[in-house]
Amino acid sequence: MARLDDILQTHDDSDWQHGQPGARTHAVESSLETGHVLVFPELRFVLSEAERRFLDTRYADPATKNISLRGAQAQMRGAVGTAEDLVELRAMLIRFRDQATALAQRLFPHYTGKLQVANTSYRPISVEGRETSWRKDDTRLHVDAFPSNPTQGARLLRIFTNVNPGSQPRVWRVGEDFQDFARTFLPRIKRPLPGSGWLLETLHVTKQRRTEFDHLMLGLHDGAKADMAWQRDCPQREVAFAPGTTWVVFSDQVLHAVMSGQFMMEQTFWLSPADQQQPDTSPLHVLERMTGRRLGLA
């Protein structure tokens, strides 16, 4: 598994799609699945001259932190502007989604036909100074888990690109191996009440059934964010992604915190652990080994 001193794996690609001269890296599923962050310092998402006007916070709804595309119809949420602005902004997000999908297909041929394209987002708001609750405070180390959107064990593969027009990097902290992290917080998490997953789904609190796996992942997410002594003292390192850098990670596995930065694109994919090259490295299988229980859907 990845160690902190080698968690970043840097590649010199400069093109997104297979067949282009700068598309050098292929078949790196093993690096991703063992908890590494794949970094491409020369893989830029290039904005057109017209698109550069969107490097401005005024296009984001003040009530949200992201502009996003959702669903098969690519409905855009969180954006404000004229009708022309919204059409062109949506087109920019779709273009990023398509380039990120092409990159994922090239880097991970084992996942061909198995990746589910999920949300695309553009984040124009600066990380610094954002007021939020401790649970939503992404400047604290965490693994991704969502109260209303259970994954039922599916992996969260995410592709990020820093599109900052100046020199400001996107600064992260990354933490220890998932199993070591879980070993600290798992004993603190109580088992879910019988039938609670069914009730949450029935009441439409969650979008689908919350499994015991989802319950444990939320417990790990919340436990880490609430423990400020652990946040301060746990093994970690700071990494800076310069403008023009693209990076790829399983965000349900790699502990991460976003410390600073502004203007970033992100694409999420879902992947079943059964479709991994090494399914045993998934958080679902790690937690099942640690608890000795079946944690997904029966």
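The table below gives the values:
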quantity	calculated
Where a residue in the stretch 159-187 is open to solvent by less than 20 Å² (accessible area, probe 1.4 Å) and its partner, wherever it lies, is among the hydroxyl-bearing types (Ser, Thr, Tyr) and in a loop (DSSP other than H, G, I, E, B), with Cβ under 7 Å and at least six apart	ASN162/THR245
Tally, over the stretch 273-284, of residues that are closer than 21 Å to LEU220 by Cα and buried (at least 18 other Cβ atoms within 10 Å of the Cβ)	5
Only listed residue being over 18 Å from PRO150 (Cβ atoms) and free of Cβ contacts under 8 Å to residues at least 12 places away in the same chain, chosen from ALA242, ALA229	ALA229
Top-ranked residue of the stretch 109-119 - restricted to ones that are part of a helix (DSSP H, G or I) and open to solvent by 60 Å² or more (accessible area, probe 1.4 Å), ranked as farthest from PRO150 (Cα to Cα)	PRO109
Qualifying residues in the stretch 120-132 (those that are surrounded by fewer than 18 Cβ atoms within 10 Å (Cβ to Cβ) and of a type in the set (Gly, Ala, Ser)) - the one nearest to VAL28 (Cα to Cα)	SER126
Residue in the stretch 49-62 that is polar (S, T, N, Q) and out of contact with any Pro (no Cβ under 8 Å at 6 or more places or on another chain) present	no
Qualifying residue in the stretch 150-158 (condition: of a type in the set (A, V, I, L, M), outside any loop (DSSP other than H, G, I, E, B) and open to solvent by 60 Å² or more (accessible area, probe 1.4 Å))	no
Selection from the stretch 1-21 of residues that are outside any strand (DSSP E or B), in contact with a strand residue (DSSP E or B) (Cβ under 7 Å, 6 or more places away or on another chain) and either open to solvent by 20 Å² or more (accessible area, probe 1.4 Å) or among the β-branched types (Val, Ile, Thr) (or both)	LEU4, ILE7, HIS11
Residue, nearest to LYS136 (Cα to Cα), within the stretch 50-83, restricted to residues that are aliphatic (A, V, I, L, M) and in contact with a helix residue (DSSP H, G or I) (Cβ under 9 Å, 6 or more places away or on another chain)	ILE67
Strands (runs of 3 or more DSSP E) fully within the stretch 220-271 counting 3 or more residues that are open to solvent by less than 10 Å² (accessible area, probe 1.4 Å) and under 27 Å from ARG183 (Cβ atoms)	246-250
Count of the stretch 188-201 residues which are on the phi < 0 side of the Ramachandran plot, surrounded by fewer than 16 Cβ atoms within 10 Å (Cβ to Cβ) and either touching a strand residue (DSSP E or B) at 6+ places or on another chain (Cβ under 9 Å) or not in a helix (DSSP H, G or I) (or both)	4
Selection status of GLU33, closer than 15 Å to ASP177 by Cβ and at pLDDT 95 or above	yes
Residue that is buried (at least 18 other Cβ atoms within 10 Å of the Cβ) and farther than 30 Å from THR10 by Cβ, where the choices are HIS204, HIS215	HIS215
Selection count, the stretch 272-298, where residues are assigned to a loop (DSSP other than H, G, I, E, B) and among the aliphatic types (A, V, I, L, M)	3
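The values are calculated or read from the model by the stated rules, or taken from the named source; none is laboratory data. These numbers were taken from a predicted model, which means no experiment stands behind them. Using ideal geometry, Cβ is built from the backbone for each residue, glycine included, and neighbour counts are taken over all protein chains shown. Note: accessible area is taken over every heavy atom of the protein model, side chains too, but ligands, DNA and RNA are not part of it. Shrake-Rupley method; radii C 1.70, N 1.55, O 1.52, S 1.80 Å.
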